[in-house]
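Take a look at the structure below.
The values are calculated or read from the model by the stated rules, or taken from the named source; none is laboratory data. As the structure is a prediction and not an experimental result, all values here were calculated from the model. Methodologically, a virtual Cβ is constructed for each residue, glycine included, from the backbone with ideal geometry; neighbour enumeration extends over all protein chains shown.
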Amino acid sequence: MTENAQALWHGRFSVAPNDDLMSFTESLSFDQRLWKDDIFASIAHVKGLEHSKVLTSSEASAIVSALEQVASEFSKDQFKFVKTDEDIHTAIERRITEIAGEVGGKVHTGRSRNDQCVTALKLWTRRELNVVAKQLLGLCDVLYSRANQSGWGDDAVYLPGYTHLQRAQPVLLAHHLTAHAWAFARDIDRLLDTVKRANVSPLGAGALAGSSLPIDPDFTAKEMGFASAFGNSLDAVSDRDFVAEALFNLALIGTHLSRLGEEWVLWTTEEFGFATLDDRYA
């Protein structure tokens, strides 16, 4: 990092950090995907500051306008990062001050990086897990559609059921296909449970013990569509349970998808011959 770089923590150090260290610890390459959520949360925060009379209407309007311009730049792939951008949060804040001037610096009033970062991460996780749940629901619909096509009665499609690759009992193809759907249905339930637990806003918790300013966490929670605001500020900024849950859920979904895929590999062999792959996917 150059000597004139103004990191958030620059006042604590007498010399600039080593460039190699800064390159090793950078996060912008992967946290830039949070841009939409950081801007969304920042707009809610600014509206909350206006609601609490910490910002004037004209100040809030100028900052929100700048945030909307930054969002437009990102959506059009026109946002330009600079070397001193530590992460997506500082990059956005830098750009806001470039657009709105001195008033743009007030976007961070009554807020810490601690509650800001976890708020953006919760918003991103909530949205992305809902996307995955919707995709899994679509897969379940396909499996049930194929099951119904294969039939459920005496004239339905049957195939051998195997244990240890030895034929054991005849089963309906429909029964086999819906077995996978049941596993994916549990995955959907777990995803939505994680979303429910993550649906608590940490914004307003500050670094760990709130803010001395008269901010209203319930107001910003409602603005962002969270079910509620945090109950304990220290827990709010420390909580990453939802990340661990999401990772486990996704790993288990991957296992269930792998099981389905491995079956298709087996079924399309000459030895089994239960299915034929379309050339477009072979």
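Can you confirm whether residue 277 is of a type in the set (A, V, I, L, M), farther than 30 Å from residue 110 by Cβ and surrounded by 14 or more Cβ atoms within 10 Å (Cβ to Cβ)? For residue 277, the condition - of a type in the set (A, V, I, L, M), farther than 30 Å from residue 110 by Cβ and surrounded by 14 or more Cβ atoms within 10 Å (Cβ to Cβ) - is not met.
Taken as a whole, the condition of being in the same structural domain as residue 229 (by TED's automatic domain parsing), within 15 Å of the chain's Cα centre (by Cα), of a type in the set (Asp, Glu) and more than 26 Å from residue 52 (Cα to Cα) applies to residue 193.
Could you say whether any residue in the stretch 243-266 is more than 30 Å from residue 165 (Cα to Cα), in contact with a helix residue (DSSP H, G or I) (Cβ under 6 Å, 6 or more places away or on another chain) and either part of a helix (DSSP H, G or I) or in the same structural domain as residue 180 (by TED's automatic domain parsing) (or both)? Scanning the stretch 243-266 turns up at least one residue that is more than 30 Å from residue 165 (Cα to Cα), in contact with a helix residue (DSSP H, G or I) (Cβ under 6 Å, 6 or more places away or on another chain) and either part of a helix (DSSP H, G or I) or in the same structural domain as residue 180 (by TED's automatic domain parsing) (or both). For the criterion of being farther than 25 Å from residue 221 by Cβ, without any contact (Cβ under 8 Å) to a residue 40 or more places away in the chain, among the hydroxyl-bearing types (Ser, Thr, Tyr) and not assigned by TED's automatic domain parsing to the domain that holds residue 250, residue 84 fails. The set of residues from the stretch 15-53 being outside any helix (DSSP H, G or I), at pLDDT 95 or above and among the polar types (S, T, N, Q) comprises just one member, 52.
For (1) surrounded by 13 or more Cβ atoms within 10 Å (Cβ to Cβ); (2) under 22 Å from residue 110 (Cβ atoms), each residue gets a yes or a no:
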position: 12; (1), (2): no, yes
position: 23; (1), (2): no, no
position: 44; (1), (2): yes, yes
position: 52; (1), (2): yes, yes
position: 55; (1), (2): yes, yes
position: 60; (1), (2): yes, yes
position: 66; (1), (2): yes, yes
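Residues satisfying the criterion are present in the stretch 149-160 (criterion: farther than 23 Å from residue 247 by Cβ and in contact with a Pro (Cβ under 6 Å, 6 or more places away or on another chain)).
Taking the conditions (1) in contact (Cβ under 8 Å) with a residue 24 or more places away in the chain; (2) small (Gly, Ala, Ser); (3) surrounded by fewer than 19 Cβ atoms within 10 Å (Cβ to Cβ) in turn, residue 91 satisfies each one other than (3).
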